[in-house]
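The values are calculated or read from the model by the stated rules, or taken from the named source; none is laboratory data. This structure is a prediction, so every number in the text was calculated from the model and none was measured. All Cβ positions, even for glycine, are placed from backbone atoms using ideal geometry, and neighbour counts span all protein chains on display. Note: accessible area is taken over every heavy atom of the protein model, side chains too, but ligands, DNA and RNA are not part of it. Shrake-Rupley method; radii C 1.70, N 1.55, O 1.52, S 1.80 Å.
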Amino acid sequence: MFLDTAFLRNGEIQLILEKTVEANTERGWLPAYHFAICNGIGVKMGGCDLRIGHNESAYYGGNIGYRVERPYRGHHYAGKACGLLFELARRHGMGYLFITCNPDNLASRRTCEYAGGQLVEIVELPADNDMRVEDGETEKCIYRVDL
């Protein structure tokens, strides 16, 4: 199921696999890869993950998640990591991905757009959604990236 990820690098960043997680069908979670976003010499600058497949959880939570540590922000590292993850998604036969963020997170919205995402909608999370129940989040911007 999980593929080799050694190719996830470009001239500026590399994604170093930290772990893989099997699907949890009871919670609606898809199988996922979790990576460190590192520079060319291996300094960790953040993290990202890719969830393989499509379901309601991935629509609201996204197929990709990312974070960049404060000292490394402003260089499009999250957007560049998304570009690398797109190739891994293609190798899994995925034709599109969703990336989501909170409407008030302007930096993340810019990352979604930098990565080629098209805004599908700003949606209220369902009452039983994990992000709403556990984190108190109420809305998400849903971006679609066609691979």
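Summed over segment 79-108, the residues that are small (Gly, Ala, Ser) and touching a helix residue (DSSP H, G or I) at 6+ places or on another chain (Cβ under 6 Å) give a count of 1. Return the pairs, sorted by first residue and then second, in which the second residue is assigned to a loop (DSSP other than H, G, I, E, B), the first residue lies in segment 70-85 and is surrounded by 18 or more Cβ atoms within 10 Å (Cβ to Cβ), the beta carbons are less than 6 Å apart, and the residues are 6+ apart or on different chains. Within 6 Å, the pairs are GLY79/ALA115; CYS82/ALA115; LEU84/LEU8.
Yes or no, residue by residue, for (1) in a strand (DSSP E or B); (2) touching a residue at least 12 places away in the same chain (Cβ under 8 Å); (3) in contact with a Ser or Thr (Cβ under 9 Å, 6 or more places away or on another chain); (4) open to solvent by 20 Å² or more (accessible area, probe 1.4 Å):
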residue	(1), (2), (3), (4)
PHE2	no, yes, yes, yes
GLU18	yes, yes, no, yes
ARG27	no, yes, yes, yes
HIS34	yes, yes, yes, yes
GLY42	no, yes, no, yes
ASP49	yes, yes, no, yes
